[in-house]
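The values are calculated or read from the model by the stated rules, or taken from the named source; none is laboratory data. Everything quoted here is computed from the prediction, not taken from an experiment. Cβ placement follows ideal geometry from the backbone for every residue including glycine, while neighbour counts extend to all protein chains displayed.
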Amino acid sequence: MIRNIHLSFKEELSDYLFITIGLLGYTIGFTCFQLPYQITTGGVAGAGAVIFYATGLPVHYTFFAVNIILLSIAIKILGLKFCMKTIYAVIMLTIFLALGQQGMYEFGQLNPGVYELSAQKLPKLLGDQSFMACVIGAALEGIALGIVFLNNGSTGGTDIIAAIVNKYRDVTMGQMMMFCDIIIISSSLFIPTGNIQNVLYGYCTLIISNLLIDYVMDRGRQSVQFLIFSEKYDIIAAEINKTGRGVTVLNGQGWYTKQDRKVLVVLAKKRESTNLFRIIKRIDSDAFVSQSKVIGVFGEGFDKIKVKAKKEKE
């Protein structure tokens with residue numbers, strides 16, 4: 001029992017560590033490449049950017065204020081457990097955005113004449129290469145958010161709105177988030193410094209970041225299936241079981257030899273493959289092993305089944 005508690009704590013600690021790394025990456029992409037070029041992203045950070053371009057109010061004030069309101073509603077509707085990592089992410093991202101934006105401003109002031117400054121006195125690190133800034137910023141944001149989501153985190157904002165709407169309406173979270181993001185990006189057209197080019201860059205940012213979010217999450221959740229044929233199947237199975245992975249033993253028969261033999265079936269995360277191969281090789285270097293990718297594995301130790309089951313009418 002104690003061992004399970006320690007494992008759970010270690011996993012939680014790992015989640016928070018990677019969420020923090022992801023938030024830091026998002027801040028770099030957002031403050032270094034998006035804000036100086038007045039490119040609007042989605043989410044509450046994007047809404048904060050629109051207000052920043054129009055009034056000069058730093059993004060983190062809007063980001064924190066809006067998320068506090070949304071979190072207050074979400075805690076009542078969705079429960080505190082759903083919001084714990086979101087609360088952490090909102091606080092950390094607020095701090096990172098404040099430091100990042102202030103850092104960029106001071107960097108521009110310390111290097112007068114070296115970089116072109118935006119209307120808000122932020123240095124344009126890539127000169128007049130707005131499209132490159134859009135691509136690099138979107139790539140950093142997409143990879144960073146993928147890391148956050150992969151570790152059960154959330155940056156709040158439109159995620160919360162989507163989760164609340166999804167609870168009461170037959171609208172997917174993805175559809176609702178996309179709807180909110182498009183409205184936020186399009187709204188930048190109506191500020192004094194807004195133009196169609198930056199709106200299009202905003203749409204490009206949305207597409208690139210979403211593609212990279214999916215890519216990072218798919219890579220991180222990729223699973224593999226092992227079929228292991230060995231005379232020492234029982235020893236191999238026991239060792240694999242010690243790693244926390246389950247093993248299924250199937251009865252098989254060699255067609256040529258007509259001898260009965262045991263076949264081990266193991267489902268694992270792709271990142272665990274090397275460790276499994278080491279275990280097999282150490283016990284039986286002559287074992288026959290087949291490894292294949294699987295599209296999805298759902299259940300204990302893997303992803304949860306998220307399809308809503310229809311309630312049967314009594």
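Find all pairs meeting these conditions: Cβ atoms under 8 angstrom apart; at least six residues apart or on different chains; first residue within region 201-228 and at positive phi and of a type outside the set (A, V, I, L, M); second residue modelled with pLDDT of 95 or more and crowded, with 20+ Cβ neighbours inside 10 Å.
Every condition considered, no pair remains.
Please specify each residue of region 175-221 satisfying the condition of being among the small types (Gly, Ala, Ser) and assigned to a helix (DSSP H, G or I). Give the derivation first.
Let us first name the residues in region 175-221 that are among the small types (Gly, Ala, Ser), namely 186-188, 194, 202, 209, 220.
Hits for region 175-221 are Ser186, Ser187, Ser188, Gly202, Ser209, Gly220.
Any idea how many residues of region 14-29 are in contact with an Asp or Glu (Cβ under 9 Å, 6 or more places away or on another chain) and within 9 Å of Leu93 (Cα to Cα)?
Selection size over region 14-29: 1.
Please find, among Leu117, Leu80, the residue that is in contact with a strand residue (DSSP E or B) (Cβ under 8 Å, 6 or more places away or on another chain) and over 21 Å from Ala45 (Cβ atoms).
Step by step, each of Leu117, Leu80 is checked, and only Leu117 is in contact with a strand residue (DSSP E or B) (Cβ under 8 Å, 6 or more places away or on another chain) and over 21 Å from Ala45 (Cβ atoms).
Determine which single condition Val297 fails, assuming it passes every other condition in (1) at pLDDT below 80; (2) more than 16 Å from Ser223 (Cα to Cα); (3) surrounded by 13 or more Cβ atoms within 10 Å (Cβ to Cβ); (4) not hydroxyl-bearing (Ser, Thr, Tyr).
(2)
For the list (1) surrounded by 14 or more Cβ atoms within 10 Å (Cβ to Cβ); (2) more than 24 Å from Ile136 (Cβ to Cβ), I need the number of the one condition that Met217 fails.
Unmet condition: (2).
Please work out which one of (1) in contact (Cβ under 8 Å) with a residue 60 or more places away in the chain; (2) of a type outside the set (A, V, I, L, M, F, W, C); (3) farther than 20 Å from Ala139 by Cβ is the condition Lys76 fails and give its number.
Only one criterion is unmet by Lys76, namely (1).
The rows are residues; the columns are (1) surrounded by fewer than 17 Cβ atoms within 10 Å (Cβ to Cβ); (2) under 24 Å from the mean Cα position of the chain (by Cα); (3) at pLDDT 90 or above.
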position	(1), (2), (3)
Leu93	no, yes, yes
Tyr105	no, no, yes
Pro123	no, no, yes
Ser130	no, no, yes
Gly142	no, yes, yes
Phe149	no, yes, no
Thr158	no, yes, no
Cys180	no, yes, no
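Which residues, taken from region 50-63, are assigned to a helix (DSSP H, G or I) and touching a Gly at 6+ places or on another chain (Cβ under 9 Å)? Don't jump to the end; show me each part of the working.
First, the residues of region 50-63 that are assigned to a helix (DSSP H, G or I): 50-55, 59-63.
If the condition is that a residue be assigned to a helix (DSSP H, G or I) and touching a Gly at 6+ places or on another chain (Cβ under 9 Å), then Val50, Tyr53, Ala54, Val59, His60, Tyr61, Thr62, Phe63 are the ones that fit.
Given (1) surrounded by 11 or more Cβ atoms within 10 Å (Cβ to Cβ); (2) at pLDDT below 95; (3) part of a helix (DSSP H, G or I), where does Arg3 come up short, assuming only one miss?
(1)
Output the qualifying pairs, or none if there are none: Cβ atoms under 9 angstrom, residues six or more apart or on different chains, first residue in region 251-275 and more than 15 Å from Ile228 (Cα to Cα) and assigned by TED's automatic domain parsing to the domain that holds Lys232, second residue part of a strand (DSSP E or B) and of a type in the set (Lys, Arg).
Going by the 9 Å Cβ cut-off, the qualifying pairs are Lys270/Lys293.
Being under 15 Å from Asp284 (Cβ atoms), of a type in the set (A, V, I, L, M, F, W, C) and either in contact with a helix residue (DSSP H, G or I) (Cβ under 8 Å, 6 or more places away or on another chain) or modelled with pLDDT under 90 (or both) narrows it down to one residue among Ile208, Ile196, Ile213, Ile235; which is it? Spell out the reasoning first.
Details: Ile208 fails: under 15 Å from Asp284 (Cβ atoms); Ile196 fails: under 15 Å from Asp284 (Cβ atoms); Ile213 fails: under 15 Å from Asp284 (Cβ atoms).
Going through Ile208, Ile196, Ile213, Ile235 in turn, just one is under 15 Å from Asp284 (Cβ atoms), of a type in the set (A, V, I, L, M, F, W, C) and either in contact with a helix residue (DSSP H, G or I) (Cβ under 8 Å, 6 or more places away or on another chain) or modelled with pLDDT under 90 (or both): Ile235.
Can Ala54 be described as out of contact with any Cys (no Cβ under 6 Å at 6 or more places or on another chain), over 10 Å from Gly156 (Cβ atoms) and modelled with pLDDT under 95?
yes
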